[in-house]
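Student: Take a look at this one; I'll ask things after.
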Amino acid sequence: MRRAAFAVAAGAMAVSLAACGSAKESSGGADKSADSKKKGDAITVGLLLPENQTARYEKFDRPLIEKKVSELTNGKGKVVYANAKQDATQQNQQVDTMITNKVDVLIIDAVDAAAIKNSVQKAKDAGIPVVAYDRLAQGPIDAYTSFDNETVGKTQGEALLKALGSKAKSGKIVMMNGSSTDPNAAQFKKGAHDVLDGKVNVGKEYDTKEWKPENANSNMEGAISALGKKNIVGVYSANDGMAGGIITALKSAGIANVPVTGQDAELAGVQRIVSGAQYMSVYKPYAPEADAAAEMAVNLAQGKSLDSVAKDKVDSPTTKGVPSILVAVTSLTKDNIKDTVIKDGVYTVSDICTAQYKAACDKAGLK
């Protein structure tokens with residue numbers, strides 16, 4: 001069972017996000033649904049994902065959304081897919097193509113939440129509703145689904161403090177945040193700082209360009225050089241991909257037994273947790289998020305109201321009161337792998353416990 005200490009009700013995030021919004025426009029979601037021409041099941045959903053550096057997008061998000069759209073449309077709906085490969089300009093061009101091809105609705109996970117704004121407006125002008133997926137895109141979006149992002153950061157921070165114990169202030173920690181173009185990264189960072197500030201000494205902090213593991217690796221090498229390898233007691237890493245690059249740098253410097261956080265419960269991250277190289281990850285169940293995006297997209301494409309689907313409201317920097325579905329998260333450690341990613345069918349024991357990790361799996365009770 002998920003631990004209540006690390007999970008948060010979706011409604012709680014709605015309150016915090018709505019309070020933080022500096023809205024200038026009102027969402028067109030409700031009006032759009034009411035005014036849209038009614039469509040049947042033969043709809044076309046444009047799906048735009050941001051990058052392929054993180055394993056989740058191709059392995060989970062895309063197939064889950066495609067499956068749910070098919071289920072909701074009796075097999076008649078189709079998904080047209082494009083991946084921007086971390087290029088905001090390319091993603092804007094992909095939106096233009098989707099508009100030209102007259103898709104009925106767009107699901108967009110923005111590379112750059114601000115840079116996508118004009119493209120969202122173009123879609124709106126063309127009568128195509130937009131669901132912002134995982135990242136809160138700017139512009140007149142009609143719906144949004146994601147996780148409780150500040151709580152993700154808090155969960156990471158709490159786990160790091162637990163791992164450090166009495167060593168929390170005995171040295172320096174390094175904070176490896178995500179990309180400055182991703183609004184989620186700012187929320188993860190805020191949540192982590194809310195927990196860590198005053199309880200640890202932050203020696204170095206980075207916003208990691210494009211979330212790339214190699215950039216995190218370079219940053220970590222710089223931190224080790226600046227701080228000294230004997231002075232680093234822990235690392236806040238915003239996701240698993242970067243944690244891999246960080247851990248490589250730590251090992252190369254001969255630094256061991258330093259807790260490193262993560263996020264996304266990537267297979268490599270889970271294996272590192274089993275082996276002890278990484279302390280934790282944040283498990284974000286992709287199916288509820290993907291299902292929410294698909295359901296809102298189908299409803300919007302068919303001209304149906306979102307009132308019965310999206311129970312929350314979120315403010316973006318440009319749009320007020322966006323109908324939203326927010327999903328809770330769980331701290332993933334060696335102790336609850338069975339009760340999270342294995343129980344939910346994300347991975348099997350054989351996926352995790354390859355020959356390299358068999359001894360560690362046996363020790364952890366994963367058989």
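The values are calculated or read from the model by the stated rules, or taken from the named source; none is laboratory data. Predicted, not measured: the structure shown is a model, and the values here were computed from it. A quick note on method: Cβ atoms are made from the backbone with ideal geometry, for glycine too, and the neighbour counts reach across all protein chains shown. When the accessible area is computed, the model is the full protein with side chains, heavy atoms only, and any ligands, DNA or RNA have been set aside. Shrake-Rupley method; radii C 1.70, N 1.55, O 1.52, S 1.80 Å.
Student: Rounded if a/c is under 1.5, else prolate if a/b beats b/c, else oblate: with a ≥ b ≥ c from the C-alpha gyration tensor eigenvalues square-rooted, which is the range 216-338?
Tutor: prolate
Student: Which percent, nearest 5, of DSSP beta bridges in the chain are antiparallel? Can you show the working numbers first?
Tutor: Numbers: 6 of 40 bridges.
Counting only bridges with both partners in the chain, antiparallel ones make up about 15 percent.
Student: Now, a different point. Please work out the average accessible area per residue across the range 198-277, using the 1.4 Å probe convention, and give it in Å².
Tutor: Numbers: 3070 Å² over 80 residues.
Accessible area per residue, the range 198-277: 38 Å².
Student: Which of the aspartates and glutamates could a cross-linker bridge to Lys199, judged by Cα under 12 Å and excluding same-chain residues fewer than eight apart?
Tutor: Candidates past the 8-residue exclusion: Glu158.
Student: Dipole of the chain, Cα-centred, from +1 at each Lys and Arg C-beta and -1 at each Asp and Glu C-beta, to the nearest 20 debye? Mind showing how you got there, number by number?
Tutor: Numbers: 46 positive and 42 negative charges, 175 e Å.
Roughly 840 debye for the chain.
Student: On the accessible surface of the range 244-325, probed at 1.4 Å, how many percent belong to carbon and sulfur atoms? Before the final figure, lay out each step's value.
Tutor: Values: 1220 of 2440 Å².
Answer for the range 244-325 is 50 percent, counting heavy atoms of protein chains only.
Student: Next up: Mind checking which aspartates and glutamates have their C-alpha under 14 Å from Lys338, skipping anything on the same chain fewer than 8 residues away?
Tutor: Lys338 reaches Asp351, Asp362.
Student: Once phi is turned into θ = phi - 60°, what whole-Hz ³J(HN,Hα) does the Karplus curve with 6.51, -1.76 and 1.60 give for every residue of the range 277-291, x standing for Gly and Pro?
Tutor: Values per residue, Gly and Pro as x: 6, 10, 7, 7, 9, 9, 7, 10, x, 5, 4, x, 5, 5, 4 Hz.
Student: Say R0 is 22 Å: what FRET efficiency, to the nearest 0.05, do Lys162 and Ser218 get from their beta-carbon distance? Show your work: numbers first, answer last.
Tutor: On the way: r = 29 Å, r/R0 = 1.30.
For Lys162 and Ser218, the calculated efficiency is 0.15.
Student: Hey, what angle do you get for helix 62-72 against the long axis of the chain, alpha-carbon based, 0 to 90 degrees rounded to 10?
Tutor: Approximately 40 degrees, to the nearest 10.
Student: Nearest 0.05, what FRET efficiency do Lys343 and Asp96 give at R0 = 41 Å with Cβ-Cβ as r? Walk me through the intermediate numbers first.
Tutor: On the way: r = 42 Å, r/R0 = 1.03.
Given R0 = 41 Å and the Cβ-Cβ separation, E is 0.45.
Student: List the extent of the Cα atoms of the range 193-261 along each of their three principal axes, largest first, rounded to whole Å.
Tutor: Principal extents (Cα only, largest first): 30, 27, 19 Å.
Student: Based on the Cα atoms of the range 96-214, what semi-axes does the equivalent ellipsoid have, where each is the square root of 5 times one gyration tensor eigenvalue, given in whole Å with the largest first? Let's see the in-between values first.
Tutor: Numbers: eigenvalues 282, 35, 18 Å².
Each semi-axis is √(5λ); the values are 38, 13, 9 Å.
Student: On a 28 Å Cα-Cα criterion, which of the cross-link pairs Lys85/Lys284; Lys167/Lys209; Lys59/Lys229; Lys59/Lys122; Lys68/Lys102 come out too long?
Tutor: Working: Lys85/Lys284 22 Å; Lys167/Lys209 30 Å; Lys59/Lys229 36 Å; Lys59/Lys122 30 Å; Lys68/Lys102 21 Å.
Flagged as over cut-off: Lys167/Lys209; Lys59/Lys229; Lys59/Lys122.
Student: Also, quick follow-up: Can you grab the distance from the C-alpha centre of the range 161-208 to the C-alpha centre of the range 324-348, Å, no decimals?
Tutor: 23
Student: Around Val202, which amide H atoms from residues at least 5 apart in sequence, or from another chain, sit under 5 Å from its own amide H, with H modelled in the peptide plane?
Tutor: Here the answer is Ile173, since their amide H atoms fall under 5 Å of that of Val202.
Student: Still on this structure, please answer the following. Considering the Cα positions of the range 136-274, please state its Rg to one decimal place and its Dmax as a whole number of Å.
Tutor: When restricted to the Cα atoms of the range 136-274, Rg and Dmax are 14.7, 51 Å.
Student: So, with +1 on the Cβ of K and R and -1 on the Cβ of D and E, and no other charges, what is the size of the charge dipole of the range 202-272 about its Cα centre, to the nearest 20 debye? Spell out each step's value before the answer.
Tutor: Working: 7 positive and 8 negative charges, 74 e Å.
Approximately 360 debye in magnitude.
Student: Follow-up. At 1.4 Å probe size, what's the solvent-accessible area of Ile99? Round to the nearest 10 Å².
Tutor: Roughly 40 Å² of Ile99 is accessible to a 1.4 Å probe.
Student: Separate question: For the chain, what number results from the quotient of the Cα radius of gyration and 2.2 N^0.38 Å? Provide the component values of the computation, followed by the final result.
Tutor: On the way: Rg = 20.7 Å, N = 367, 2.2 N^0.38 = 20.7 Å.
In units of the globular-protein estimate, the chain measures up at 1.00.
Student: Each label point is 7 Å from the Cα along the Cα-to-Cβ direction; what then is the distance between the points at Asn257 and Lys311, in nm?
Tutor: In this crude label model, Asn257 to Lys311 measures out at 4.6 nm.
Student: How much length, in nm to one decimal, is gained on full extension between Ser180 and Ala287, taken as 0.36 nm per residue of separation minus their Cα-Cα distance?
Tutor: 35.9 nm
Student: Using a Debye calculation, one point per C-alpha and no hydration shell, please list log10 I(q)/I(0) for the range 47-134 at q = 0.10, 0.17 Å⁻¹ in order.
Tutor: Values, matching the q order: -0.23, -0.67.
Student: Which net charge results for the neighbourhood of Gly222, defined as the other residues with beta-carbon distances under 12 angstrom from its beta-carbon, given Lys and Arg at +1 and Asp and Glu at -1?
Tutor: -1
Student: Counting only protein heavy atoms and a 1.4 Å probe, tell me what percentage of the range 38-156's accessible area is made up of carbon and sulfur.
Tutor: On the way: 1880 of 4310 Å².
Carbon with sulfur: 43 percent of the solvent-accessible area.
Student: Quick one: which of Lys39/Lys117; Lys78/Lys117; Lys190/Lys358; Lys67/Lys363 span more than 32 angstrom between C-alpha atoms?
Tutor: Working: Lys39/Lys117 27 Å; Lys78/Lys117 25 Å; Lys190/Lys358 37 Å; Lys67/Lys363 37 Å.
Beyond 32 Å between Cα atoms: Lys190/Lys358; Lys67/Lys363.
Student: Follow-up question, since we're still on this one. Work out from phi, with θ = phi - 60° and the Karplus expression 6.51 cos²θ - 1.76 cosθ + 1.60, the ³J(HN,Hα) of each residue of the range 77-94, listed in order in whole Hz, and give x for Gly and Pro.
Tutor: So the Karplus estimates, Gly and Pro as x, are x, 10, 10, 9, 10, 8, 10, 7, 6, 6, 10, 5, 5, 4, 5, 4, 5, 5 Hz.
Student: Another question about this same structure. Over the chain, with a Gaussian network built from C-alpha contacts below 10 Å, which listed residue (Ser119, Ser252, Ser275) shows the highest mean-square fluctuation?
Tutor: In this elastic network of the chain, the residue with the biggest mean-square fluctuation among Ser119, Ser252, Ser275 is Ser252.
Student: Next question, about the same structure. How high is the FRET efficiency from Ala359 to Lys199, r the C-beta distance, R0 30 Å, rounded to 0.05?
Tutor: Numbers: r = 35 Å, r/R0 = 1.15.
With R0 = 30 Å, the Cβ-Cβ based efficiency is 0.30.
Student: Under a 5 Å amide H to amide H cut-off, with H placed in plane at 1.01 Å, what residues pair with Val79 once short-range neighbours are removed?
Tutor: Counting only residues 5 or more places away or on other chains, the set is Val45.
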